[in-house]
Amino acid sequence: MDTMQYMSVFVDESREHLQNLNESLLLLEKEPENLKIVEEIFRSAHTLKGMAATMGFNRTTELTHNLENILDLIRNKKMAVSTEIVDLLFECLDILNLLTDEIIENNGKEESEIEYLVVQLEKMTKQKDSKKVPKKEKVKDKKQSGEEKQIQNLDVEFNEYEKQVLEEAKSKKMNNLIVNVTLDESCLLKAARVYMVFKSLEESGEIIKSLPTTEELEEEKFDSSFMIVFVTKEEKEKIQKNLLNISEIEKVEIQVINLEKKEEKQESNKKENKDKKEDKSKVKNKVTKTTHKATTTVRVDTEKLDLLMNLVAELVINKTRLSQLSIEHSLDDLSETLAHVDRVTGDLQSVVTQVRMVPIETVFNRFPRMIRDLSKNLNKEIDLIVEGKETELDRTVIDEIGDPLVHLLRNSIDHGIGTPEERKASGKTEKGRILLKAEHEGNNVVITISDNGKGIDTKVIGAKAVEKGLATQEEVDEMEKEEILKFIFNSGFSTAEKITNVSGRGVGMDVVRTKIELINGKIEMETELGKGTITKVKLPLTLAIIEALLVELKEETYAIPLANIVETVDVKKEEIKVVQGEKVILLRGEVVPVVNLGNALDVPEYEQKLQKDSYTLVIVKTGSKKLGLTVDHLIGQQEIVIKPLGKLFVGIKGITGATVLGNGEVALILDVLTLI
């Protein structure tokens with residue numbers, strides 16, 4: 001069998017299991033006595049081993065097999081979790097990630113050496129071998145007890161609803177069965193096999209419940225076996241035969257349920273199993289309703305999603321063109337049809353945008369491990385608190401935001417959080433705290449990174465700026481704190497006294513600013529010396545299709561993103577005042593600067609006559625700052641498709657991209673942030 005056809009499935013599944021291993025190991029380090037976490041790690045390692053063995057990736061198989069041996073000792077309480085073991089497990093995880101990368105890059109070839117890790121794992125296992133019960137004795141016990149002992153492991157508690165269903169089935173002379181199915185260790189798509197088992201059973205009876213739950217089975221959160229409570233008129237031998245005909249099923253055990261014994265056992269173990277019963281009692285819906293979920297999700301190549309978004313974008317452009325033709329030629333019938341097309345296009349656009357949305361958790365997941373490793377290297381104690389992981393962003397934005405956040409977090413650790421001794425001396429707790437938070441704010445997502453460290457000394461920043469010739473001492477003295485902090489984002493700017501492998505070269509924050517601005521985002525910093533620093537990154541939800549206001553300057557059309565517009569107003573000439581050489585208006589008690597947009601954008605041969613009696617102003621806002629832009633005419637609100645200007649025009653002040661209008665002309669999209 002050519003297993004390479006399953007490569008994409010293997011890689012996707014491996015990534016999920018490796019991420020689960022990473023998260024679980026971080027939890028295990030905090031709760032070394034929690035055996036549930038060890039079970040979760042064991043399941044992920046075991047599944048990964050089975051998948052790798054099926055695909056023929058021997059190094060991954062060997063390493064995960066040795067990992068299993070250690071985890072088996074821990075879950076059987078024959079070995080305690082120590083810092084040495086956790087460090088070794090993390091090292092194994094890093095190599096497994098590296099092997100997965102090599103499998104992708106080298107067309108299925110693994111190159112990284114695993115021998116030194118295997119030796120260390122085997123050494124740890126051998127130290128505990130003497131405490132193990134010989135395997136032969138265990139096998140002997142099983143043989144002696146026969147089917148009866150195996151069936152004991154299938155015991156399950158029933159709630160009132162389930163007991164009632166089983167009793168009714170018994171009164172109708174139906175068979176109440178517990179079916180335990182064990183999959184082959186080499187089974188690649190476990191969820192698919194589970195679905196086939198459920199489908200086969202549903203043809204001859206009714207499923208009452210399953211352990212693990214159907215949700216956990218669909219998400220493959222089980223080892224290799226699962227249990228189903230089943231009611232049928234068929235004999236158990238026929239059920240067993242049907243299930244064994246399904247490929248990759250290793251074993252099927254079936255037991256007839258004795259409700260009386262179950263009730264006695266429930267009473268005696270009532271207290272002990274209270275929590276378990278509560279969890280199980282929630283599973284009241286028939287599996288026939290939930291098993292269909294397995295087919296409701298599919299993996300889609302991101303390139304196909306990008307292509308779909310481009311097609312929707314072209315549809316939006318052509319819809320706008322048709323609307324314009326309808327108005328020009330007064331075609332009423334076409335207008336009615338277009339109104340329907342407009343609704344459908346809007347719905348389609350909304351769905352495609354949602355499909356492209358990815359939880360920011362995919363980026364945040366890599367940071368707990370990074371914080372753990374860095375804090376150990378720098379001998380610091382740091383707590384990372386993550387909030388808003390479920391917040392969704394466009395996949396394009398997600399792809400670009402990872403590196404800037406890494407730089408910001410590393411800076412917080414290296415420059416912000418002090419050593420336990422330094423923190424204690426300044427009257428703080430020895431353990432530092434970093435908050436990483438994502439939340440929606442209008443059509444944007446705001447990511448906040450705050451620490452309770454030293455804060456930033458703006459005097460040091462100012463002095464360094466003067467030293468590098470970025471400003472004079474007089475200019476620095478007149479600057480606000482926020483303006484001084486902006487020097488941090490200059491290329492080559494660093495206040496670190498020595499260069500380390502964490503920071504000090506002055507390139508990190510420059511990269512942060514550049515990357516964030518490229519995706520139409522912005523970054524702000526607040527700091528208080530001795531108390532900490534807060535960095536806020538504001539990002540657009542999507543980069544593909546936005547609502548914009550079209551305005552006209554001379555014969556040129558420009559688009560202003562609606563998310564930045566507060567309102568539009570007409571003002572009389574006498575309402576525009578001059579303060580310190582700058583034009584301003586008083587808008588409901590607030591002073592708003594006024595900028596002639598045509599002059600600001602250097603529109604050719606543009607001169608707005610000062611003799612005009614009134615002006616049309618578009619009031620735009622970014623953060624807490626407002627600005628009034630004078631325009632010749634307002635064309636109207638429209639959905640626009642953002643197109644990049646190309647490499648030659650990157651960094652043009654005031655322009656963020658372009659769009660194709662309904663008449664085929666190109667309109668530039670204004671970047672309100674750089675204008676302000």
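The values are calculated or read from the model by the stated rules, or taken from the named source; none is laboratory data. Computed from a prediction, not measured in an experiment: that's the story for all the values here. We place every Cβ from the backbone using ideal geometry, glycine too, and count neighbours over all the protein chains shown.
Do the conditions hold for residue 272, that is, is it under 42 Å from the mean Cα position of the chain (by Cα), surrounded by fewer than 13 Cβ atoms within 10 Å (Cβ to Cβ) and either modelled with pLDDT of 75 or more or not assigned by TED's automatic domain parsing to the domain that holds residue 164 (or both)? Taking the combined requirement at face value, the residue satisfies it. When segment 1-27 is filtered for residues that are touching a residue at least 60 places away in the same chain (Cβ under 8 Å) and closer than 23 Å to residue 84 by Cα, the ones remaining, listed by number, are 18, 19, 21, 22, 23, 25, 26. Is at least one residue of segment 48-58 at pLDDT 85 or above, assigned to a helix (DSSP H, G or I) and not basic (Lys, Arg)? So far as segment 48-58 goes, yes, one or more of its residues are at pLDDT 85 or above, assigned to a helix (DSSP H, G or I) and not basic (Lys, Arg). Restricted to helices (runs of 4 or more DSSP H) entirely inside segment 418-487, no element has at least 2 residues that are under 34 Å from the mean Cα position of the chain (by Cα), without any contact (Cβ under 8 Å) to a residue 60 or more places away in the chain and exposed (fewer than 14 other Cβ atoms within 10 Å of the Cβ). Please find, among 316, 231, the residue that is crowded, with 16+ Cβ neighbours inside 10 Å, at pLDDT 50 or above, in contact with a helix residue (DSSP H, G or I) (Cβ under 7 Å, 6 or more places away or on another chain) and within 28 Å of residue 348 (Cα to Cα). Of the residues listed, the single one that is crowded, with 16+ Cβ neighbours inside 10 Å, at pLDDT 50 or above, in contact with a helix residue (DSSP H, G or I) (Cβ under 7 Å, 6 or more places away or on another chain) and within 28 Å of residue 348 (Cα to Cα) is 316. Beta carbons closer than 6 Å, at least 6 apart along the sequence or on distinct chains, pair a first residue in segment 554-576 that is over 26 Å from residue 540 (Cβ atoms) and in the same structural domain as residue 642 (by TED's automatic domain parsing) with a second that is part of a strand (DSSP E or B) and of a type outside the set (A, V, I, L, M, F, W, C) for 570/614; 570/616; 571/615; 572/614; 576/583. Within segment 324-331, the presence of a residue that is crowded, with 17+ Cβ neighbours inside 10 Å, among the β-branched types (Val, Ile, Thr) and either in contact with a helix residue (DSSP H, G or I) (Cβ under 9 Å, 6 or more places away or on another chain) or assigned by TED's automatic domain parsing to the domain that holds residue 532 (or both) is excluded.
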